[in-house]
């Protein structure tokens, strides 16, 4: 049900020649305090999703010639990119609220783009139906061993970059990044999930003891990347097993973190990509005396 | 006349607690090839200039209570930032073509901003006169041992980050970055200077065997940061001593490099900051079979 240690080790070794080893930057400024940034928005396609997508493509049956995916945008661009690298065809279904910049990226990486009326769940259904009808391999955005194992390579890199004991905060939508990094750093670093108040899918799943549907506020600033209606089963199992902390963040804190990254570092980061930093600042009092690392997870806005 | 090894070692140790250890990122893409980026535009104030300015401020006489500088913008913001850190007053003279964003940054960091009709040479004269009249310490943008020794810390970091033998390309205006990095990496890495075709101050100095005034094309895209009319005496001495290569880059290549960094990495870099990458791409044929590291030197545009 969740990736094994062997899954993680193999994924990291498999991805290492293809993905960017993204750098860290330590900053210390009045408004955000002392924090280490893992600049994962510099990854291929502008988000960590390239890792999971490529791991899934590289581990699918050798006979597979096409893949399909559903996505708010980043996972779709990642699947398109990974498929092109592997020389297979990709079809990507996005809900109509997916930002134009993300739809353009999916096309630019060579995928067939299909826009679906409705939300992520509708795109997911279309992708799964397409897979069944056409014999394409559906690559899930977060509830898939290969996807989560791929994202875990962010954690494998962090294990080489930051001290044991640092608290690591990652943004959470469906939870593949959270699950992968938590597993990779288990016993070495505490990993905290950060969710927008407008889409608390993992917080709700942890409270209920299982993934549950939530009402997502579609006006939330990070809805396109973190607006999952239901947390992944893998992420939920990991959070329950590790008794993980989930921090909720108001939209204004997300906007402030995004603005901070632009004003002070000229880093262009999407709201979902700034949510972990927003959690570090918004919950600074609760995190006092801890050394904090946040993953900047996406650039596409 | 040029900094000693001891100057460099002391500057690096002095600056280390205050400056950002900026990260490297290895990229490999069709249009720019395989290259390592030193992301120095993430430095305090958005350019490497923070290093030299702070080293100068931290080594001035303990009795000094105010500093002055002339700058196209980046050095001015750096001096303002360094002065505030050290609790001394800063006055910064900029020529009228200095971009508004740079003038704003100088003010934001707490300096008195004085806009001078004319070019950098006029601002320099005003700063030197102000220093003489008011007893302020003039911090030179490039022809100063302390400034060059501060910039050399970019090279000291690279010695920990990249393999010996990599060719390092840095942008060059007055040449403090070029001189500092060349000295820090001497015997370990070959350092090449990259200049806009519109402002070949170091190339002209090397050809003449001494700094000479050149005609700077004021329409050049990188003129505010790299448009020095005359290369520094220190940079010229270093280039002659090390028989350094100077590569000239057309404006279009600079714009292309700037666009590449934005399109593929969402990094906002000023033209001068992208000039080393532009040189690597424009002169790729001459650099074939070499491992290349470029310093991305400024973000402010």
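A few comments on the model shown:
- Among A:243-252, B:248-257, sorting by the average number of other beta carbon atoms lying within 10 angstrom of each residue, highest first, gives B:248-257, A:243-252.
- In range of the label at residue B:252: residues from the range B:149-178 whose backbone nitrogen is under 13 Å from the point 7 Å along Cα→Cβ: none
- When both the range B:249-287 and the range A:45-80 are represented by their alpha-carbon centers, they are found 30 Å apart.
- Chain A residue nearest the axis that carries A onto B, by Cβ, with distance in whole Å, is A:23, 2.
- The mean number of Cβ atoms from other chains found within 10 Å of a Cβ in peptide A:40-46 is 3, as a whole number.
- Whole-number D in µm²/s for the range B:1-143 (Stokes-Einstein; Kirkwood sum over Cα pairs; 4 °C, 1.567 mPa s): 81 µm²/s
- Starting from the label point of residue B:96 at 7 Å along Cα→Cβ, the same points in the other copies fall at 5.5 nm, in ascending order.
- DSSP bridge analysis restricted to chain B gives an antiparallel fraction near 20%, rounded to the nearest 5.
- Highest-first packing order for the peptide set A:228-237, B:280-289, A:168-177, B:76-85 is A:168-177, B:76-85, A:228-237, B:280-289, based on the mean count of other beta carbon atoms within 10 Å.
- Sorting the segments A:96-104, B:212-220 by their residues' average number of neighbouring beta-carbon atoms within 10 angstrom, most packed first, yields A:96-104, B:212-220.
- In the assembly of identical copies, residue B:5 has its label point, taken 7 Å from Cα in the direction of the beta carbon, separated from the corresponding points by 4.7 nm (ascending, one decimal).
- Sequence-distant contacts, meaning Cα pairs under 8 Å at least 6 residues apart, place the relative contact order of chain A at 20 percent.
- The mean number of partner chain beta-carbon atoms within 10 angstrom of a residue's beta-carbon across peptide A:264-271 is 5.
- Using the Cβ-Cβ distance between residue A:13 and residue A:241 with R0 set to 22 Å, the FRET efficiency from 1/(1 + (r/R0)^6) comes to roughly 0.35.
- Computed log₁₀ I(q)/I(0) - Debye formula, equal Cα scatterers, no solvent, the protein assembly as shown, q 0.07, 0.11, 0.12 Å⁻¹: -0.45, -0.99, -1.12
- Exam field: residue A:66 pseudo-label spacings to other copies (7 Å along Cα-Cβ), nanometres: 7.4
- Crossing angle, helix A:74-86 versus chain A [Cα axis fit, 0-90 degrees, rounded to tens]: 50 degrees
- Helix-only CD estimate at 222 nm, as mean residue ellipticity for chain A, using -39500 (n - 2.57) per DSSP H run (n ≥ 4): -13500 deg cm²/dmol
- Shielding by other protein chains, A:31-39, mean Cβ within 10 Å: 1
Every number in this text was worked out from the coordinates using simple rules, so none of it is lab data. Not measured: the values here are computed from a predicted model. Heads up, the Cβs are rebuilt from the backbone with ideal geometry, glycines too, and the neighbour counts pull from every protein chain shown.
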